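Asks: Below: one structure in structure tokens.
The values are calculated or read from the model by the stated rules, or taken from the named source; none is laboratory data. Remember, it's a predicted structure, so these values are computed and weren't measured experimentally. Here the Cβ positions follow ideal geometry from the backbone for every residue, glycine too, while neighbour counts run over all protein chains shown. Ligands, DNA and RNA are stripped out before the accessible areas are found, and what is left, the full protein with its side chains, is counted by its heavy atoms. Shrake-Rupley method; radii C 1.70, N 1.55, O 1.52, S 1.80 Å.
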Amino acid sequence: KTIIDTVENDQYRTTVNFYVNPGKVVRIDSFRYNIKQPALQDLALANQKESLLKKGEPFAKSVISQDLDRLVNLFRDNGYMRFGREELIGLWDTLDVSLLKPTFDPFEEIENLQRIKDQRENPKANLEIRLKPGYDSSKLKKYFIGNITVYPDISLDTASYTRKEEIINGVKVIYYQHVFKSRILPQNIFLHHGDLYDQRNYFRTINRFNSLGAWRLVNI
């Protein structure tokens, strides 16, 4: 509600009051993953204990969002490098479908009416996590580490320097000024040729190179 309580010097002073009626707290009645891709479904189920979504807990979009982010990181840590949040969707339903079934049994009808009353007094929702319709199937592919190339001192202007290359323990090092000793670079890389891509190892490598002051790491 808005109330104009004073008028002074051609200015209207207004008091604004918000009245909020949140209604009943909706709680999660059932929760499941229904990802129509066996490998992803198995990963989700194997790590479901890490989810904040629990039966009986209040329904909250923020918690659903956190679980979607958790799943994305889980999949990226297990080879699905291109998998993104846009591939997942959370669906919820507050309707008990069984109440829509017609019945001619008066006792069953009384029972249904009581269930409807209970649903209104204690509302619940069924929640399901799925792949979004029309998802990009190319993002459901596992990736493995191929060739690794390190550019420890790359800059915008390298025209005045000579490009040099070395292969150290299977890692190609391309440098211009030899700021770093090439042999120290491979031991700070947590990605190895042929390994299943793991996002955690990628960020560990990036953080290690940042601490060394190296400019850029490119892995293919």
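Asks: Mind telling me which of the residues Leu53, Leu68, Leu43 ends up being over 12 Å from Ile129 (Cβ atoms), open to solvent by less than 70 Å² (accessible area, probe 1.4 Å) and outside any strand (DSSP E or B)?
Replies: Among Leu53, Leu68, Leu43, only Leu43 is over 12 Å from Ile129 (Cβ atoms), open to solvent by less than 70 Å² (accessible area, probe 1.4 Å) and outside any strand (DSSP E or B).
Asks: Let me ask something else. Could you grab the pairs with beta carbons closer than 8 Å, sequence gap of 6+ or different chains, first residue in the range 116-133 and outside any loop (DSSP other than H, G, I, E, B) and among the charged types (D, E, K, R), second one open to solvent by 80 Å² or more (accessible area, probe 1.4 Å) and modelled with pLDDT of 75 or more?
Replies: The qualifying pairs are Arg120/Lys24; Glu121/Lys24; Lys124/Arg27; Glu128/Arg32; Glu128/Trp92; Arg130/Lys36.
Asks: For the range 199-220, does any single residue satisfy the condition of being open to solvent by less than 40 Å² (accessible area, probe 1.4 Å), in a loop (DSSP other than H, G, I, E, B) and at pLDDT below 80?
Replies: Yes, the range 199-220 contains a residue that is open to solvent by less than 40 Å² (accessible area, probe 1.4 Å), in a loop (DSSP other than H, G, I, E, B) and at pLDDT below 80.
Asks: Suppose the filter is surrounded by fewer than 11 Cβ atoms within 10 Å (Cβ to Cβ) and modelled with pLDDT of 90 or more; does Ser62 pass it?
Replies: Criteria met by Ser62.
Asks: Scan the range 172-191 residue by residue and report those that are open to solvent by 20 Å² or more (accessible area, probe 1.4 Å) and under 14 Å from Asp153 (Cβ atoms).
Replies: Listed by number, the residues that qualify are Tyr175, Tyr176, Gln177, His178, Val179, Phe180, Lys181, Ile184.
Asks: Return yes when Lys172 is modelled with pLDDT of 85 or more and in contact with a Leu (Cβ under 9 Å, 6 or more places away or on another chain) and no when it is not.
Replies: Spelling it out, it is not the case that Lys172 is modelled with pLDDT of 85 or more and in contact with a Leu (Cβ under 9 Å, 6 or more places away or on another chain).
Asks: Please indicate, with yes or no, whether at least one residue in the range 17-35 is free of Cβ contacts under 8 Å to residues at least 24 places away in the same chain, under 25 Å from Glu128 (Cβ atoms) and under 15 Å from the mean Cα position of the chain (by Cα).
Replies: The answer is no, given that none of the residues of the range 17-35 is free of Cβ contacts under 8 Å to residues at least 24 places away in the same chain, under 25 Å from Glu128 (Cβ atoms) and under 15 Å from the mean Cα position of the chain (by Cα).
Asks: When the range 1-40 is examined, which residues are found to be basic (Lys, Arg) and surrounded by fewer than 10 Cβ atoms within 10 Å (Cβ to Cβ)?
Replies: Here is the first cut: in the range 1-40, the ones basic (Lys, Arg) are 1, 13, 24, 27, 32, 36.
Those that are basic (Lys, Arg) and surrounded by fewer than 10 Cβ atoms within 10 Å (Cβ to Cβ): Lys1, Lys36.
Asks: Which one of these does Gly194 not meet: (1) on the phi > 0 side of the Ramachandran plot; (2) surrounded by 12 or more Cβ atoms within 10 Å (Cβ to Cβ); (3) modelled with pLDDT of 90 or more?
Replies: (2)
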